[in-house]
Amino acid sequence: MVCNSTSSSAPASTRRLSTPSHHQQQELKLKVDNPHAHRAPSQRRTLSCQSPRHCRSLLGRSNLVPETDQGDDSGPDCASSVDVRERKLVVAKAALAAKDAEVQRLKAAHRKQLEAVCQELAVVRAAHRRELKARLTAHARDLRAARFCERHEIAALAASKERELAQLEASREEEIARIEATRDEKMEDLREQDRGLRSQLQWLQDKFARYTSVAERNLLEMRRIFDKSGVSK
């Protein structure tokens, strides 16, 4: 928003202020910051500034009045700047309302899409639930049949094992009777073998004793020879 360089564009009811008072400066700044705060636009008081630089100093720090390169510093109309700002505010509000309407439309469209997706998901879940229920039913039926077959197989296997166990018991009893019948004979054979082993052991011990005595004599003889020859051990 730019203050006009000539006073011809200002309304006829406006008047120039050579040096605005502190109250006027505060009122002008309040109107610029919030033009609808105290009065309606039809009751707005129009004020003129001494120069564009003075106008920018009053409107100032909010960057409402940019630099201008046209005209001189002979006192622009700040009310026109406020009008421009109000018009821009109305345009911005209209644009915001349009954006809000667009957002609401998009929200409604997205809501419809979400409802459609939820319905489709519910249909898919129902189909999956039915399929899973059918699979579980078939699996349970197969499991019951398998358990029935397993029970029969286990019963047949148990009967077979019992027969094998009875046969093993009978053969064990026969083996025990045969061993008892030949036990004395085997014991005599074992005693004979023990006597033979003992005699062999005695012969080996005697032979080892003879070898040991011969080895000791040979060792003493070798030591005696080494001692005579002066060779150390």
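Quick note: the coordinates plus some simple rules give every number you see, no bench work behind them. All values derive from a computational prediction rather than experimental measurement. So basically every Cβ, Gly included, is an ideal-geometry build from the backbone, and we count neighbours across all protein chains shown.
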For segment 131-233: rounded, prolate or oblate by the Cα gyration tensor [a/c cutoff 1.5]: oblate
Potential extension, residue 226-residue 186 segment - 0.36 nm per residue separation minus Cα distance: 8.5 nm
Ascending count of other beta-carbon atoms within 10 Å, so fewest first, for 171, 80: 171, 80
Inter-probe distance in nm under a simple model that places probes 7 Å from Cα toward Cβ, at residue 160 and residue 216: 7.2
Extended-chain gain in nm, criterion 0.36 nm per residue less alpha-carbon gap, residue 105 and residue 118: 2.7 nm
